[in-house]
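Report on the structure given below.
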Amino acid sequence: MIMNLLERIGAAARESIERLGYATRSFFYLLGVSPGALRRPSLVSEQVHFIGNYSMLIITISGLMVGAVLGLQGYYTLSTYGAEQKLGTVVALSLTRELGPVVTALLFAGRAGTSLTAQIGLMKAGEQLAAMEMMAINPVQRVLAPRFWGGVIAMPVLAAIFSAVGIFGGYIVGVKLIGVDEGAFWSQMQAGVDVRADILNGVLKSVVFGIIVTFTALYQGYEAEPTPADVARATTRTVVISSLLIWWLDFILTALMFNK
């Protein structure tokens, strides 16, 4: 029984390593054919519109609500120590450093990631990708690469919008509803937020998350079996794998960026 257990564990580990290696090779192949897709910017801009514009509503509403909650909870916590004037700094740092990139990436995976997986999976099930290969058109370059770079470009923009709207939500709750001094709210925020250490690091996080989520979505759709059931399972795997990778990479990036 012990030997059988060890064999199953070994087989599972080997299969996982093989899948990781194949995914890594697919990622570098996608990067290798990307210059051909980037020479047609209309393809990329179309995907930026599809991925970014159609995700705007959920990003905006979520950012506003997250900022409002941060303003409310932050005020209750800071008022205990007589530091209500620091509310703007707390809201801005929480959003630009952490919540903006992470929550946007999770919403991005649920909205745009599943849509990309379903698109590619249905194109494969409908033999559209095979038809491209028959016409000597590389489907990775023509279909996957524009969507990949569209997601990479859209993700930091969506994260910036999330953070900006979240700061506005914190301002509405903290200043307009609770009564924190407006001048102190903005001046403390300007003094406490550093462009390079906080904002640019948050942008870098969102770029990394955009690469991971978009590639995971495209890879799951491209490797799915051409059946409706497996395409549905691929969309589920996209959300699960992307979410786990986001949290894991967030810890690593935070440890590297803010370890002073």
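Of the labelled options (i) 16.8; (ii) 18.5; (iii) 14.6, which one gives mean projected area of the Cα convex hull in nm² as computed for this structure?
Computed from the coordinates, mean projected area of the Cα convex hull in nm² corresponds to (ii).
How do the peptides 12-23, 196-207 rank, highest first, by the average count of neighbouring beta carbon atoms within 10 Å per residue? Intermediate results must be reported in sequence, preceding the final value.
On the way: 12-23: 10.7, 196-207: 18.0.
Descending mean neighbour count gives 196-207, 12-23.
Along Cα→Cβ, 7 Å out, is where each label goes; now give me the distance between the ones at residue 258 and residue 73 in nm to one decimal.
Each label point is offset 7 Å from its Cα along the Cβ direction, giving 1.4 nm.
Grab the DSSP H runs of the chain that are 4 residues or longer, score each as -39,500 (n - 2.57), total them, divide by all residues and round the 222 nm result to the nearest 500 deg cm²/dmol.
Numbers: 11 runs with 196 residues, N = 260.
That calculation yields -25500 deg cm²/dmol at 222 nm.
Taking only Cα atoms, what is the 0 to 90° angle, nearest 10, from helix 56-80's long axis to the longest principal axis of the chain?
Once rounded, one gets 40 degrees.
Let me know the Kirkwood hydrodynamic radius for the stretch 177-260, please, with Cα pairs as the basis and the value in Å to one decimal. Mind dumping the intermediate values first?
On the way: mean 1/r = 0.0633 Å⁻¹.
Averaging 1/r across every pair of different Cα atoms and inverting gives 15.8 Å.
Name the chymotrypsin sites (Phe, Trp or Tyr not before Pro) in the stretch 69-141 that are in a loop by DSSP and that have at most 15 other C-beta atoms within 10 Å, would you? Intermediate values should be presented prior to the final figure.
Numbers: sites: 75, 76, 81, 108; in loops: 81.
When the chymotrypsin sites (Phe, Trp or Tyr not before Pro) of the stretch 69-141 are filtered for loop state and at most 15 Cβ neighbours within 10 Å, 81 remain.
Sort the following peptides by mean Cβ neighbour count (other Cβ atoms within 10 Å, averaged over residues), highest first: 94-100, 216-222, 244-250. All intermediate terms of the calculation are to be shown ahead of the outcome.
Values: 94-100: 23.9, 216-222: 26.1, 244-250: 15.7.
Top of the packing list down: 216-222, 94-100, 244-250.
Tell me the angle of helix 2-38 to the major Cα principal axis of the chain, expressed in degrees between 0 and 90 and rounded to the nearest ten.
It is inclined by approximately 80 degrees.
May I ask which residue of 49, 83, 139 lies farthest towards the positive end of the charge dipole of the stretch 34-169, with charges of +1 (Lys, Arg) and -1 (Asp, Glu) on Cβ and the Cα centre as origin?
139
Need one number: nm distance between label points at residue 142 and residue 184, each 7 Å from Cα along Cα→Cβ, rounded to one decimal.
So the label points at residue 142 and residue 184 sit 6.3 nm apart.
Every read-out reported here was derived from the displayed coordinates using simple, explicitly stated rules and does not represent laboratory data. It should be emphasised that the depicted structure is a prediction, and the values quoted were computed from it without experimental measurement. Every residue, glycine as well, gets a Cβ built from its backbone with ideal geometry; the counts of neighbours run over all protein chains shown.
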